[in-house]
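Engineer: Pasting a structure here, questions to come.
Computed from the coordinates by the stated procedures, all read-outs in this text should not be read as laboratory data. Model, not experiment: these values are computed from the prediction. As a convention, Cβ positions derive from the backbone with ideal geometry for all residues, glycine included, and neighbour counts pool all protein chains shown.
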Amino acid sequence: MFCSRCGSRLDPTSRFCSSCGAPIASGPSSSPPPPPPFAADNLFRPRNNRMIAGVCAAFALRYGWDLNLVRIVTALICLSGAGALAYLIAWIIIPEEPYAVPTNPI
Ligand SMILES: [Zn+2]
């Protein structure tokens with residue numbers, strides 16, 4: 001490994017650079033943090049164009065699916081029984097679309 005400040009070769013066991021004295025970043029803290037297992041960014045329930053809770057519209061908007069197709073598939077899954085619970089969970093998990101802040105032209 002090499003010093004990130006002066007570029008001189010470093011002893012892996014040392015905590016400071018022997019040439020410039022810069023602290024050597026080592027260990028798990030130097031690596032970037034792993035992404036969260038479930039990133040729900042850009043997934044929200046729109047306030048308009050919703051039928052029940054906007055869950056179908058949320059997935060259709062997020063993944064570019066056809067809204068009517070998503071609704072038909074969701075209705076079929078809900079009729080089978082377990083889908084209704086999944087819909088309720090998605091209703092709770094997916095946040096509502098934030099209110100659009102009106103821009104003042106003046
Ligand atoms: Zn150095």
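Engineer: Within a 10 angstrom radius of the beta carbon, how do R50, R5, R45, R15 rank from fewest other beta carbons to most?
Structural biologist: The fewest-first ordering by Cβ neighbours comes to R15, R5, R50, R45.
Engineer: A follow-up question, please. To the nearest 0.05, how large is the calculated FRET efficiency for L43 and L76 if R₀ is 25 Å and r is the Cβ-Cβ distance?
Structural biologist: Result of the calculation: an efficiency of 0.70.
Engineer: Still on this structure, please answer the following. Give me C3, C20 sorted ascending by neighbouring Cβ count inside 10 Å, so fewest comes first.
Structural biologist: Ascending Cβ contact count within 10 Å gives the list C20, C3.
Engineer: Another question, if that's okay. On a full-extension model of 0.36 nm per residue, what is the gain between L69 and C6, subtracting their alpha-carbon distance, rounded to one decimal in nm?
Structural biologist: Going from the current span to full extension adds 16.8 nm.
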